[in-house]
Amino acid sequence: MLRRMTQKDYSEFWERESSQFDGDKIYAHLSQVVPAEATLEVGCGAGWSTLSLATSRPVLAIDNNSHLIDLARARLKTHGAHAEIIESDLFEPSNELLKAIEVFLLTPTEN
């Protein structure tokens, strides 16, 4: 019988999966392939991809799972990296998210 995962269950599952991806250097490779410009990341997950991106560009990340956001923020802090992470549903964006995107788009990128 199938059962729907809770946000916490999903965050634990995704932490394990994304740790494997990071160990295989997938996120590092992807961050090198994506142009080094300001990046809007839809779904920060456990923060591995956010960390890879944030080492070379400004990142604004969106996720609707507070457990994953906590993991991502802790991971960034541990590695001394910075990205803005907003908790919001992409399909029903909060006013906070809409404002953050507006500001993010107007922020000049250093190259």
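Here are some notes:
- The set of residues in the range 27-42 that are surrounded by 13 or more Cβ atoms within 10 Å (Cβ to Cβ) and acidic (Asp, Glu) contains only Glu41.
- Just so you know, in the range 43-60 the residues that are surrounded by fewer than 20 Cβ atoms within 10 Å (Cβ to Cβ) and over 20 Å from Ala100 (Cβ atoms) include one that is farthest from the chain's Cα centre (by Cα), and it is Ser56.
- Residue in the range 31-52 that is in contact with a His (Cβ under 8 Å, 6 or more places away or on another chain) and closer than 18 Å to Glu87 by Cα present: yes
- When Asp24, Asp63 are checked against the criterion of being charged (D, E, K, R) and surrounded by 20 or more Cβ atoms within 10 Å (Cβ to Cβ), Asp63 stands alone in meeting it.
- Once the range 77-111 is narrowed to residues that are in contact with an Asp or Glu (Cβ under 7 Å, 6 or more places away or on another chain) and farther than 22 Å from Asp9 by Cα, the residue that is surrounded by the most Cβ atoms within 10 Å (Cβ to Cβ) is Ala100.
- Looking across the range 83-96, the residues that are closer than 22 Å to Leu51 by Cβ and either modelled with pLDDT under 95 or within 11 Å of the chain's Cα centre (by Cα) (or both) come down to Ala83, Glu84, Ile85, Ile86, Glu87, Leu90.
- Considering the range 40-76, the residues that are at pLDDT 95 or above and among the β-branched types (Val, Ile, Thr) include one that is farthest from Phe13 (Cα to Cα), namely Val59.
The values are calculated or read from the model by the stated rules, or taken from the named source; none is laboratory data. Note that the structure is a prediction, hence the values are computed from the model and not measured. Using ideal geometry, Cβ is built from the backbone for each residue, glycine included, and neighbour counts are taken over all protein chains shown.
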